[in-house]
Amino acid sequence: MNYDETIEYLYSQLPVFQKVGGSAYKEGLDNSLALDEYFSHPHAKYKTIHVAGTNGKGSTSHILAAILQSAGYKVGLYTSPHLVDFRERIRINGEKISEQYVVDFVAEHHIFYESIHPSFFELTMTMAFKYFADTQVDVAIIEVGLGGRLDSTNIITPDLGIVTNISFDHTQFLGDTLEKIAEEKAGIIKPNIPIIIGEAEGDVRQVFQNTADRVGAPIRFAEDENIVRSWNVDKGILYIDTSQYANLKNGLSGYAQLKNTATILCAIDELKKIGYTISDNALYDGFEHIVELTGLMGRWQIIQHSPKIICDTGHNVGGVKYIVEQLKNEKYRQLHFILGVVNDKDISGILTLLPKDANYYFVKASIPRALGADELKQKAQVFGLEGDCYPSVDEGAIAALKVAGDDDLIFVGGSNFTVGDALMYLCK
């Protein structure tokens, strides 16, 4: 098989959460442990950092990778889902895994893994772990896929654990209260391994504190440390003054990065304590050049300026709140909102937040989980959101571009997959 055939084989043979949702979810670590045993525990051959959370874990993972790369480390980065190319999930110093490695991995090991029927996520995680070992990375940033306690990635023993925040998402698997969701995400906390919590209040905070106390893990709450002192956005660039670093330029300009920055700075401080060598210059460079160093896409990404087109992957209530707040501070004549969602999210919770003065283009992303454009329009009208339906993201983008003036703003969002489709069309 060539690369394209191999990817199609993986999608067709293995349950893929990205495409079909809950039916692809396999609870428990049995398959991950079996694969790990078969490949002789590759993740034990390098240092790891484990990143969980409802929102911000992707941005946090990428910025940490960029900083460590700037500090001279050879850095593996495993994240999900991808937006355009499967290989985005597995990178070393920003370079995607080679097509040939993917082809060879599947060809050489399919007889074993087909016998245990892993999920797509379980197998691709193992591919990443082996790739990092084969290429001898110094450290790998490992992003949790879903939850924490029973997530496939939770077989690692990291140098540091991070939970960015807790919001409602994947409630069918993680629980219907923030406390239950926190308990699942707190499952990455391990004995004697420091854990950073980005945002947590009240009973949610107590869940993390209790878990850390029970297993003997040093815990820090980033929001307690008054790290971000002031900030401003100038020409689309986010500048942050912190308690230790002045005029920190963040290559990601979304407002959510203010919270992520505090979490990341706590993490860097903790990594220094346990022996990582990270200069101030490396930290500044990693923050400023995160996109160039890691290839991250879809986080308040400005695609063009006339008309201005912005996309963002925020796809739940916690993420959409930041998007709506930032849109209020954008200057434009008319807002055109290309919206597509998946069918297992809190759609009503998202729709109630969205601006009513926008022209909406209701679209269906190119995955089975995507909610139909007609159904999305019907749900949106209940909340006073008006617009037309389009069968694909491409067609919604074409329609918006036809009517948008140079001083208008086109925003694309609602799901990772809507943004992925938009990037494939708008950036080709």
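Quick note: the coordinates plus some simple rules give every number you see, no bench work behind them. Just so we're clear, the structure is a prediction, and the values are computed from it rather than from any experiment. Cβ atoms come from the backbone with ideal geometry, glycine included; neighbour counts cover every protein chain shown.
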What ranking, highest mean first, results for peptides 58-66, 5-13, 121-129, 133-141 when packing means the other Cβ atoms within 10 Å averaged over each residue? 58-66, 121-129, 133-141, 5-13
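Treat every Asp and Glu Cβ in region 3-294 as -1 and every Lys and Arg Cβ as +1, leave all other atoms uncharged, and give the resulting dipole magnitude about the Cα centre to the nearest 20 debye.
Result for region 3-294 is approximately 500 debye, rounded to the nearest 20.
Please give the net charge around ASP104, taking every other residue with its beta carbon less than 12 angstrom from that of ASP104, where Lys and Arg add +1 and Asp and Glu add -1.
Details: positive: LYS130; negative: GLU99, GLU108, ASP134.
Neighbourhood net charge equals -2.
What does the extension gain come out to for ILE398 and LYS45, with contour length at 0.36 nm per residue minus their alpha carbon separation? Spell out each step's value before the answer.
Values: separation 353, 0.36 × 353 = 127.08 nm, distance 4.84 nm.
Here the segment from ILE398 to LYS45 would lengthen by 122.2 nm.
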Using every Cα-Cα pair within the chain, state what percent have a distance larger than 43 Å. 8
Gain in length, LYS356 to ASP234, computed as 0.36 nm per residue apart minus the alpha-carbon separation, to one decimal in nm? 41.2 nm
For region 301-426: Kirkwood Rh in Å [reciprocal of mean 1/r, alpha carbons]: 14.0
Cross-link pairs beyond the 18 Å C-alpha cut-off, checked among LYS379/LYS402; LYS259/LYS321; LYS249/LYS321; LYS47/LYS273; LYS308/LYS328: LYS379/LYS402; LYS249/LYS321
Listed residue (GLY349, ALA222, SER70) projecting farthest to the positive dipole end of the chain, Cβ model: ALA222
Tally Lys and Arg at +1 and Asp and Glu at -1 over the other residues with C-beta under 10 Å from the C-beta of LYS47: what net charge comes out? -1
Rough spin-label spacing in nm, given labels placed 7 Å along Cα→Cβ, for GLN13 and ASN226: 5.8
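Students often check this: by mean Cβ neighbours within 10 Å, which of 71-79, 354-362, 198-206, 222-230 ranks highest, and how do the rest follow?
Details: 71-79: 22.9, 354-362: 19.1, 198-206: 17.4, 222-230: 15.7.
Peptide ranking by packing, descending: 71-79, 354-362, 198-206, 222-230.
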For a quick protection proxy, order the peptides 312-319, 97-104, 269-276 by their average other-Cβ count within 10 Å, most packed first. 312-319, 97-104, 269-276
Considering amide H positions built from the backbone, and no H for Pro or chain starts, which residues 5 or more places from GLY387, or on another chain, come under 5 Å of its amide H? TYR360
ASP104 versus ARG214, label points 7 Å from Cα toward the beta carbon: distance in nm? 4.4
Label point 7 Å out from ILE274 along Cα-to-Cβ: which residues of region 209-224 have amide N under 14 Å? 216-220
If you add up the charges near ALA256, with Lys and Arg at +1 and Asp and Glu at -1, over every other residue whose beta carbon is less than 12 angstrom from its beta carbon, what do you get? +1
Sequence-distant or interchain residues sharing an amide H contact under 5 Å with LYS308, placed H: which? ASP408, ILE410
Could you give the length gained on full extension between ASP388 and TYR425, defined as 0.36 nm per residue of separation minus the Cα-Cα distance, in nm? 11.4 nm
